[in-house]
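Sending over a structure as structure tokens; questions will come in a sec.
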Amino acid sequence: MNKGLDKFITTYLNEMQAADVSGYLRPTLHGFGEEYIAAVREGLATTLSTRSLSLTDYVRLTDIEFDSEEALYSYLLDMQEYLFGDRPRQPAPPA
């Protein structure tokens, strides 16, 4: 995971922020410079393909626990599709 994605997850997908699925996250991300947007895009793509983020790492970054790696990676894929694809609604983390 690169520094851009690490910062994005820590700042916007933490326990306090991730529960707000009102749709602010995509415009917030795309309001930053292209370098940061590209770092988040690349970091997500790499993390999804290598599955290099553990459940423990995600809890450390966000204080959010997933029941399984499958659930975590499903959420991250949905987040990628929301941020950079055509998913209309921001995904919610586990309650």
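The values are calculated or read from the model by the stated rules, or taken from the named source; none is laboratory data. Just so we're clear, the structure is a prediction, and the values are computed from it rather than from any experiment. Because the Cβ atoms are built from the backbone with ideal geometry, glycine has one as well, and the counts that use them run over all protein chains shown. Accessible surface is based on the protein model in full, side chains and every heavy atom, while ligands, DNA and RNA are left aside. Shrake-Rupley method; radii C 1.70, N 1.55, O 1.52, S 1.80 Å.
Ranked highest first by the average count of other Cβ atoms within 10 Å around their residues, in what order do 29-38, 46-55 fall?
Top to bottom by mean Cβ count within 10 Å: 46-55, 29-38.
Just the number, please: carbon plus sulfur as a percent of the accessible area of the chain, 1.4 Å probe, no ligands or DNA/RNA counted.
50 percent
Another question about this same structure. Using the heavy atoms of the protein chains and a 1.4 angstrom probe, tell me the accessible area per residue for the chain in square angstrom.
Normalised by residue count, the accessible surface of the chain is 57 Å².
Would you indicate which of (i) 18, 15, 13; (ii) 25, 17, 12; (iii) 40, 16, 14 is the value of semi-axes √(5λ) of the Cα gyration tensor in Å derived from the coordinates of this structure?
The calculated read-out lines up with (i).
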